[in-house]
Amino acid sequence: MKLAVEISDASDLAPKDGAGACNPFVEVEFDGQNQRTPAKPADRSPQWNYTLLFDVRDPARLASLPVDVSVHHDRSLTDHHAARPHTFLGRVRISASSLAPSPAEALLQRYPLEKRSLFSRVSGDIALRLYLIANDSSHPSPPLAAPAPAPVPARDLPTMDITGALDPYVEVKLGNFKGVTRHLEKNPNPVWRQVFAFSRDHLQASQLEVVVKDKDVLKDDFVGHVVFDMSDIPQRVPPDSPLAPQWYRLADRSGEKLRHGEIMLAVWLGTQADEAFPEAWHSDAHSVSQEGLASTRSKVYYSPKLIYLKVMAIAAQDLIPAEKGRPLAPCIVKIQLGGQTRRTRPQGSANPVWNEEFMYVAAEPFDEPLVVTVEERVAAGRDEPVGRVVIPVAAPYVPRNDLAKSIEAKWFSLSRALTADEAAAAEATKLKSSFASKIHLRLSLETAYHVLDESTHYSSDLQPAAKKLRKSPIGILELGILGARNLAPGKSPYCVAKYGAKWVRTRTLLSTVAPRWNEQYTWEVFDLCTVVTVAVFDNCHVTGGPEAKDQRIGKVRVRLSTLETDRVYTHFYPLMTLTPGGLKKTGELHLAVRFTCTAWANMLAMYGKPLLPKMHYTNPISVLQMDYLRFQAMQMVAARLGRAEPPLHREVVEYMLDVDSHMFSLRRSKANFNRMTSLFSGAVAVAKWMEGICKWKNPVTTILVHLLFLILPAHMDTALSHAEPERVHPDELDEEFDTFPTSKPGDVVRMRYDRLRSVAGRVQTVVGDLATQGERAQALLSWRDPRATAIFVLLSLLIAVLLYVTPFQVVAVVLGLYLLRHPRFRSKQPSVPFNFYKRLPAKSDVLL
């Protein structure tokens, strides 16, 4: 005797690959035997139609044996270096006593997937057909991949038209609220798989009615209905397993059961923690069209995995002019990855040497190839290509550099194709030609860096791109988005929260000034010195169409290091937005936040470690290049999340990531100046004392100061003044000697104004950084980070005891030897005191 398990399909599985999909396969265990289906890449509703056969070794024990069906995500399809190749998606346990004795008597049934533990993230269901096969039976054993009938959540519906056709759809009515499914043409056995959720505030009726109708031109026909009394509907509270759907016979208007027609339903009183809730139609959005309904649902998103791509253009050989009969002009290398383009300096030789290095931001999966073009600069503003190579950003062309090791450079043949498409086609078909020019490149994916896509002051993730270099989590962050109050009338608000690579979006509540979301989300915490950002937006896509932009209502930031462990912070945070008309108070956001520590030793050790991975200090990236890479990373995240369904629109992502934080703002400059003023308010008294000296209130001290000035040599320092020819641009001197008001044309003034904004933006950043350093010292004394201050107090006590028992000469000798140690004993990473100070909070978290 054999047991046959037919695996038909699954639907609405939980996303696991970071891009909103999964690679599911099914594993079945029976009586110590394990078998599995093939994996279906990037498919949350896969179709297998696969049959697995198991031996029934002891028929007497059959009734007591379970059949365990587990669904897993195959991570090895997208990540060959994954520490855990499989991720749990759900399971079903079926008693063998309920098996059909033959294939003819077996029915296809849908089973909701169950959790393995309280914290498992599971959704969806699976369609299975189980039966026994006798070895001497006349029924042949089904082959592998045998087709199985499709699941039918409504079946055998009666026809209503003369033609015999039926275009069914379902209305779900509760009082004045009605949800409608899509209609399916000419289908007596339709499949909808739609969920409808009605708010408890709207439960004003005593009955729930589910009506099946036939879509018609003039008037839709009534097919049948099922009525539920609200007092008889069961209640489900997670972690209870999902309620199994059942078949219900349709009735006519008088309540008499129809001879034909059944509908499969699951009806329950639940909570927002139900797995089906995020994808459900909500009564709060009853007036939204079917097209706009998707933009009102809650959703979880993940940022793409970003990696720095390092390209070093070393040299080229045997370059040939683009036009025959003329000498080769100076050549440059144009390197392009998607919308990121960089160029080398021109070199005039048939075998030029550049040795220039560039960094790009690449996102997995690497859809965009690297296009390297050697161009001839035949005239100012005119470059002609002499050869091109298109390189896929994947192994073996571009290796991953996890350990900062030296990567070997390679020679690549240049193609005469003048477009990237032509070059790719030539590379794919391996076309050979007499053109033998080559270029020498060193390519590597620098996974030891962390790709910054946020402002450094509000970073929520500091982990390197390489998984094997990442640290284990130190705790869990729980965020409850409860509600808001005092919003402007006519708003349709929703919230977006970001921490690390995980973004969450609450559902949209239409036209309310006091929304209540009551949604809870969790994140793993790898570093306490990070910030969770929560923003509220007005969903303008619901009423304004696809071209509308969601409006900002306000934003809240919470730094995790300022939270006490295991304490729940429940507050109304003020919402404000800055407009050209000034600052507007737009309401208050009600949040509940809790940080739970799971590794105390690792958490305390974090205070002595650098914020960023080791690679940022051993091989640092320049400030200007880092700003460029951060901007590119922000654009890539916005583009990827904008392609999700429903999309997280660009204006939302840019506001969450503070895209314009580096731009010059007179308001920010004044704010940073005031921060500096308040920080150094203690020095004001010293300045007044110096003023008294200048006014000869203390003649002796004033005379000594005059003698000091006379002793010091006075001369002009041209290097300090940036007046040397190689350090100043001619246009800067022309601007300096321009008249006031200016006499230059408008385009020159516009260019100089943009340059001024760029320089002022850097000065503004420096002033803000200086204020931040002082505020960190104040935070240490004010117990803003209680753990950091406690560590500081204990260390101060230990140092005081040590200095008390140790002679001063010994301390001076040890300190001097340490400061004068040989470079071999010095590390490129910052010291422990520096790391500790860098992790202290500052007032930059509360700046608009």
Practice prompt. Go through (1) open to solvent by 40 Å² or more (accessible area, probe 1.4 Å); (2) modelled with pLDDT of 80 or more and name the single condition residue 138 misses.
Written response: (2)
Worksheet item: In this structure, is residue 687 modelled with pLDDT under 75, aliphatic (A, V, I, L, M) and open to solvent by 40 Å² or more (accessible area, probe 1.4 Å)?
Response: no
Discussion item. Restricting to the stretch 11-55, count the residues that are within 20 Å of residue 68 (Cβ to Cβ), outside any loop (DSSP other than H, G, I, E, B) and touching a Pro at 6+ places or on another chain (Cβ under 6 Å).
Written reply: 2
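Quick check on my filter: what residues within the stretch 735-762 are among the β-branched types (Val, Ile, Thr) and assigned to a helix (DSSP H, G or I)? Quick ask: steps written out before the conclusion?
Kept after step one, since they are among the β-branched types (Val, Ile, Thr), are these residues of the stretch 735-762: 739, 742, 748-749, 759.
Hits for the stretch 735-762 are 748, 749, 759.
Test of understanding: among 626, 663, 615, 634, which residue is of a type in the set (A, V, I, L, M, F, W, C) and at pLDDT below 90?
Numbers: 626 fails: at pLDDT below 90; 615 fails: at pLDDT below 90; 634 fails: at pLDDT below 90.
Among 626, 663, 615, 634, only 663 is of a type in the set (A, V, I, L, M, F, W, C) and at pLDDT below 90.
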Worksheet item: In the stretch 332-387, which residues are of a type in the set (Lys, Arg) and either touching a Pro at 6+ places or on another chain (Cβ under 6 Å) or outside any loop (DSSP other than H, G, I, E, B) (or both)?
Response: 334, 342, 343, 377, 382
Practice prompt. Answer with yes or no whether residue 394 is open to solvent by 10 Å² or more (accessible area, probe 1.4 Å), at pLDDT 80 or above and assigned to a loop (DSSP other than H, G, I, E, B).
Written response: yes
Practice prompt. Would you be able to say whether some residue in the stretch 302-315 is buried (at least 19 other Cβ atoms within 10 Å of the Cβ), touching a Ser or Thr at 6+ places or on another chain (Cβ under 6 Å), modelled with pLDDT of 90 or more and not charged (D, E, K, R)?
Written response: yes
Item to complete: Go over the candidates 307, 332 one by one and state the one that is farther than 22 Å from residue 639 by Cβ and not aromatic (Phe, Trp, Tyr).
Response: 332
Worksheet item: Looking at the stretch 413-436, which of its residues are modelled with pLDDT of 85 or more and buried (at least 20 other Cβ atoms within 10 Å of the Cβ)?
Response: 414
Item to complete: Filter the stretch 742-774 down to residues that are exposed (fewer than 12 other Cβ atoms within 10 Å of the Cβ) and of a type in the set (Val, Ile, Thr) and give me whichever is modelled with the highest pLDDT.
Response: 766
Worksheet item: Does residue 765 qualify as being outside the structural domain of residue 562 (by the TED database) and part of a helix (DSSP H, G or I)?
Response: yes
Discussion item. Conditions first: (1) open to solvent by 10 Å² or more (accessible area, probe 1.4 Å); (2) in the same structural domain as residue 646 (by the TED database); (3) in contact with a helix residue (DSSP H, G or I) (Cβ under 9 Å, 6 or more places away or on another chain). Residue 458 passes all but one, so which condition is the exception?
Written reply: (2)
Discussion item. Condition first: touching a helix residue (DSSP H, G or I) at 6+ places or on another chain (Cβ under 9 Å), under 16 Å from residue 263 (Cβ atoms) and open to solvent by less than 60 Å² (accessible area, probe 1.4 Å). Now tell me which residues in the stretch 177-220 satisfy that.
Written reply: 179, 180, 196, 208
Worksheet item: Considering only helices (runs of 4 or more DSSP H) fully contained in the stretch 775-848, which possess at least 1 residues that are among the polar types (S, T, N, Q) and open to solvent by less than 40 Å² (accessible area, probe 1.4 Å)?
Response: 786-805, 832-838
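In this structure, is residue 677 at pLDDT 90 or above and open to solvent by 40 Å² or more (accessible area, probe 1.4 Å)? It would help to see each step written out before you state the result.
On the way: at pLDDT 90 or above: no; open to solvent by 40 Å² or more (accessible area, probe 1.4 Å): yes.
Judged against the criteria, residue 677 is not a match.
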Fill in: Close pairs from the stretch 773-792: first under 18 Å from residue 679 (Cβ atoms), partner open to solvent by 70 Å² or more (accessible area, probe 1.4 Å) and at pLDDT below 85, Cβ under 9 Å, at least 6 apart
774/680; 775/843; 778/843; 779/843
Discussion item. Can you confirm whether residue 772 is among the polar types (S, T, N, Q), within 23 Å of residue 623 (Cβ to Cβ) and assigned to a helix (DSSP H, G or I)?
Written reply: yes
Fill in: Within the stretch 589-686, helices (runs of 4 or more DSSP H) holding 2 or more residues that are within 29 Å of residue 476 (Cβ to Cβ)
600-605, 615-618, 623-642, 650-657
Worksheet item: Could you list, in sequence order, the residues of the stretch 640-657 that are open to solvent by less than 40 Å² (accessible area, probe 1.4 Å) and either of a type in the set (Gly, Ala, Ser) or over 21 Å from residue 554 (Cα atoms) (or both)?
Response: 642, 644, 646
Fill in: Residues (among the hydrophobic types (A, V, I, L, M, F, W, C) and either outside any loop (DSSP other than H, G, I, E, B) or closer than 13 Å to residue 480 by Cβ (or both)) located in the stretch 545-575
553, 556, 558, 560, 568, 572, 575
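The values are calculated or read from the model by the stated rules, or taken from the named source; none is laboratory data. Only a predicted model underlies this, so the values are computations on that prediction, with no experimental measurement involved. Note that each Cβ is placed from the backbone with ideal geometry, even for glycine, and that neighbours are counted across all protein chains shown. Accessible surface areas use protein heavy atoms only, side chains included; no ligands, DNA or RNA. Shrake-Rupley method; radii C 1.70, N 1.55, O 1.52, S 1.80 Å.
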